[in-house]
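First the structure, in the form of structure tokens, and then the observations on it.
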Amino acid sequence: MTDGSKTAGKAEPIFPVSGNVPALITPFDSVGRVDYDAFDALLEWHLKRGVDGLCIAGDNGESWALAPQDRRRLAEQAVRAAAGRIPVIVGASAPTARASIAYAEALADTGIAGLMIGPQAYLMKATTRELVERMERIHSAVPLPLILYNSPRRTGISLTIETMRALTDAVPVIALKEASRDFFYLTHVIREFRTRLAVLVGPAPFILPGLQLGAAGFISSGPEFFGAETSRAASLVGSVPMNDSLRDLHSRYTRIYETLMTLGTWPAALKATHNILGLPGGMPHEPVLPLDPSDMATLRNVLLEVGATAATSETAAPSDRV
């Protein structure tokens, strides 16, 4: 929701990035080349669903397989498709600041709203001083706003509240993608930072509780397959109490998320979902393999169970459903 959001009788801060910001996959062909035409079609599908932003080259986008020139072209396509209506953010994380800077430099003049950067992967440990210096070096080289990415499962490092304070004092942070799967931490980070930056929930089971606590939106996997229900959920931001409809949506978010996360190696199940629903999905990039037939059957059953759809409205024809 790029124009901000309202709670009952109380204005919320207006952030450059908020609301429903899907993390797009990167379609690859069978030999690992990016299918840019398929990516254009995928952008059009997301935009027709009324999203509030686009997240490119994150975990869903298999960023580890994308060279600087790949990220640049994907960013240019996304910015062109968004046409100034919604922000585009792009992942630029790497183990070293130097490598992150190389990604960032390729993106510097594409018109994106910010760079999504997390702690360094592989080392599994970092001091606050090391993380602050990392972000300062990246921002000094390419002075775009930063979206911090907290995903301890990927890096072995969690951005503590104290580290978050130090980072937000050192560099211009406009948002945090919070993917720790720790509701205690999510509660504390929303309370501490909800007026300073956009807290964007990652794991789908945390979205609705997070929005009601004051999160500004979400970057997740699964909600994109629920159309108008997800668009309505993105407009809540703490404004309405839980009801039966939202409880049902929460259960379906949880069911699809846990299925996507447990079948195969990420993001094989997410790409398979795209392909099942008739969306551009392509192949996972090596070393990830496509789902085997047994997992595909499980996935199809769950998509039917939760009512996942590729339709762009609730009035879509039945043939658009799984």
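Below is a table of values for the structure above.
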quantity	calculated
³J(HN,Hα) computed for each position of segment 36-49 - Karplus, 6.51 cos²θ - 1.76 cosθ + 1.60, integer Hz, glycine/proline x	5, 5, 5, 5, 4, 5, 5, 4, 4, 4, 4, 5, 5, 8
³J(HN,Hα), Karplus 6.51/-1.76/1.60, whole Hz, each residue of segment 176-191, x for Gly, Pro	10, 8, 9, 10, 7, 6, 10, 5, 4, 5, 4, 4, 5, 5, 5, 4
The chain: relative contact order in percent, alpha carbon pairs under 8 Å with at least 6 residues between	18 percent
Residues in segment 67-87 reached by a label modelled at residue 36 [backbone nitrogen below 15 Å; 7 Å Cα→Cβ]	67-81
Linear extension gain, residue 14 paired with residue 136, 0.36 nm per residue minus alpha-carbon span	41.5 nm
Förster-model FRET efficiency, 30 Å R0, residue 275 and residue 196, C-beta, rounded to 0.05	0.15
Listed residue (95, 78, 63) projecting farthest to the positive dipole end of segment 6-242, Cβ model	95
Magnitude of the charge dipole, segment 6-242, Cβ model with Lys/Arg +1 and Asp/Glu -1, debye to 20	480 debye
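Values quoted throughout were computed directly from the atomic coordinates according to the rules given, and no laboratory measurement underlies them. Please read these numbers as outputs of a predicted model, since none were measured by experiment. So basically every Cβ, Gly included, is an ideal-geometry build from the backbone, and we count neighbours across all protein chains shown.
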